[in-house]
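As structure tokens, the structure follows; a few thoughts come after it.
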Amino acid sequence: MPSATIRVPGTTANLGPGFDTLGIAVKLFNRVCVTPAGKPGVRITSVIADDARAGAEQMLGEAAALFFKRTRTAKFGFDISLTGDVPIARGLGSSVTARLGAVAALNELAGTKLDRQGLLELVTELEGHPDNAAPAIFGGFTAAGMVADSVRLLRCPVPSKLKFVTLIPRFEVSTAKARKLVPLSFSKADTVHNLNRSSLISAAFALGDYEALRGCFDDRVHQPYREQLIPQLSAVIRAGEKAGAIGGWLSGSGSTIMCLTLEKPDAVASAMRRQLKDSDVHILTADNGGVTVVR
Ligand code: HSE
């Protein structure tokens, strides 16, 4: 059997108040190459960061097992390599690039039993929430959630005039640890605050009314509780806004901080970086294509 190579975009999830629901794919990509092997099991030939090898082995083993079970495909062992620019544990969807890349590659090798919706159902089951999986698969802006036992997904394209100024700190944040900090219940006022803003964000992207996003990324459900892991969060967002950004948010569970701007992306990037020098800053645009098979 030949090998299959998949390109998966990184993603920025939550967009502030859209916790576990909203996401956007960005033009930062990982590549996953799967080659069937003679012996059973998963053998990782290269990973993005060497310290992630042990975690990746388990994660990819689980992804493959679920793929074989759901598609009733006879199991086969494989070699897998993960390369690219989406860093691990920075809130840019690296776990989805690995899980989705593996599953999409196995899907190619097994005769494309799953369509994009099928990939979404499977990767959401692995991840526990669809907010990174949905944009990584379909591209663009996505709103996604479980509705009656399946993942409901609505998307719209995002134009290249919108710049995503992406500040990636040198430190990692564990999603599991960051999720433990989110409270189990919220006041009526905080719930309504987030419902307002999350709905407004969806409507603004659907209508292409990006100025209406100003002030809407302000979250009360997870960012205030996670700020102890990323103490510069508010200062970086404020600096970006002062330099001209429409607004900013913690990307996924961090550590990346994202600002969205229609103007002066370089000034926004410099202002953000002044607040957290130990970081890399990229000016990205959205990826509207989603996961692709590399021919
Ligand atoms: N919505 C998720 C979270 C994204 O904020 O925990 C990280 O996978």
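Where residues in the stretch 58-82 are polar (S, T, N, Q) and outside any helix (DSSP H, G or I), which of them is farthest from Ile168 (Cα to Cα)? Lay out the reasoning, then the answer.
First, the residues of the stretch 58-82 that are polar (S, T, N, Q): 58, 71, 73, 81.
Among the residues that remain, those that are also outside any helix (DSSP H, G or I) are: 71, 73, 81.
Numbers: Thr71: 37, Thr73: 39, Ser81: 23 Å.
Restricting to residues being polar (S, T, N, Q) and outside any helix (DSSP H, G or I), the top hit is Thr73.
Here is a yes/no grid of residues against (1) more than 26 Å from Arg274 (Cα to Cα); (2) small (Gly, Ala, Ser):
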{"residue": "Phe164", "(1), (2)": "no, no"}
{"residue": "Pro169", "(1), (2)": "no, no"}
{"residue": "Lys177", "(1), (2)": "yes, no"}
{"residue": "Leu184", "(1), (2)": "yes, no"}
{"residue": "Ala189", "(1), (2)": "yes, yes"}
{"residue": "Val192", "(1), (2)": "yes, no"}
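From the list Ser279, Ser270, which one is more than 16 Å from the ligand (Cβ to nearest atom), within 10 Å of Leu167 (Cβ to Cβ) and modelled with pLDDT of 95 or more? Working first, answer last.
Details: Ser270 fails: within 10 Å of Leu167 (Cβ to Cβ).
From the options Ser279, Ser270, the qualifying one is Ser279.
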**OP:** For Gly111, work out the one condition from (1) at pLDDT 95 or above; (2) more than 26 Å from Asp280 (Cβ to Cβ); (3) part of a loop (DSSP other than H, G, I, E, B) it doesn't fulfil.
**Re:** (1)
Original post:
Mind checking whether some residue in the stretch 108-119 is of a type outside the set (Val, Ile, Thr) and buried (at least 24 other Cβ atoms within 10 Å of the Cβ)?
Top reply: no
**OP:** Only residues that are more than 16 Å from the ligand (Cβ to nearest atom), at pLDDT 95 or above and touching a Lys or Arg at 6+ places or on another chain (Cβ under 7 Å): list them for the stretch 7-42, please.
**Re:** Arg7, Phe29, Arg31
**OP:** Out of the residues in the stretch 83-100 that are more than 16 Å from the ligand (Cβ to nearest atom) and outside any loop (DSSP other than H, G, I, E, B), state the one that is surrounded by the most Cβ atoms within 10 Å (Cβ to Cβ).
**Re:** Gly84
**OP:** Might you check whether a residue that is small (Gly, Ala, Ser) and surrounded by 16 or more Cβ atoms within 10 Å (Cβ to Cβ) occurs anywhere in the stretch 69-77?
**Re:** no
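Mind listing whichever residues of the stretch 258-295 are in a strand (DSSP E or B) and small (Gly, Ala, Ser)? Full working, then the answer.
So in the stretch 258-295, the residues in a strand (DSSP E or B) come out as 258-261, 279-284, 286, 292-294.
Residues satisfying the conditions are Ser279, Ala286.
Go through Leu122, Leu154 for me and flag whichever is modelled with pLDDT of 95 or more, among the aliphatic types (A, V, I, L, M) and in contact with a Leu (Cβ under 7 Å, 6 or more places away or on another chain).
Working: Leu154 fails: in contact with a Leu (Cβ under 7 Å, 6 or more places away or on another chain).
Exactly one of Leu122, Leu154 is modelled with pLDDT of 95 or more, among the aliphatic types (A, V, I, L, M) and in contact with a Leu (Cβ under 7 Å, 6 or more places away or on another chain), namely Leu122.
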**OP:** Could you list, in sequence order, all residues of the stretch 239-253 that are closer than 20 Å to Ser198 by Cα and either of a type in the set (Lys, Arg) or touching a Leu at 6+ places or on another chain (Cβ under 9 Å) (or both)?
**Re:** Ala245, Ile246, Gly247, Gly248, Trp249, Leu250, Ser251, Gly252, Ser253
Original post:
How do the pairs read when you match residues in the stretch 72-85 that are without any contact (Cβ under 8 Å) to a residue 40 or more places away in the chain with residues anywhere that are surrounded by fewer than 18 Cβ atoms within 10 Å (Cβ to Cβ) and in a strand (DSSP E or B), using Cβ under 8 Å and keeping only pairs 6 or more apart or on different chains?
Top reply: none
Original post:
Are there any pairs with C-beta distances below 9 angstrom linking a residue in the stretch 123-144 that is in the same structural domain as Ala63 (by TED's automatic domain parsing) and closer than 15 Å to Ala104 by Cα to a residue that is assigned to a strand (DSSP E or B) and aromatic (Phe, Trp, Tyr), with the two at least 6 apart or on different chains, and if so which?
Top reply: Pro135/Phe141
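Restricting attention to the stretch 166-200, report how many residues are in a loop (DSSP other than H, G, I, E, B), touching a residue at least 40 places away in the same chain (Cβ under 8 Å) and surrounded by 12 or more Cβ atoms within 10 Å (Cβ to Cβ). Give the derivation first.
Taking the stretch 166-200 and keeping what is in a loop (DSSP other than H, G, I, E, B), we get 170-174, 181-187.
Okay, now just the ones that are also touching a residue at least 40 places away in the same chain (Cβ under 8 Å), so 170-174, 181-183.
Next cut, surrounded by 12 or more Cβ atoms within 10 Å (Cβ to Cβ) only: 170-174, 181-182.
Residues that pass the stated criteria total 7.
The values are calculated or read from the model by the stated rules, or taken from the named source; none is laboratory data. Quick caveat, the model's predicted, so the values are computed rather than measured. Here Cβ is always computed from backbone atoms with ideal geometry, including for glycine, and neighbour counts include all displayed protein chains.
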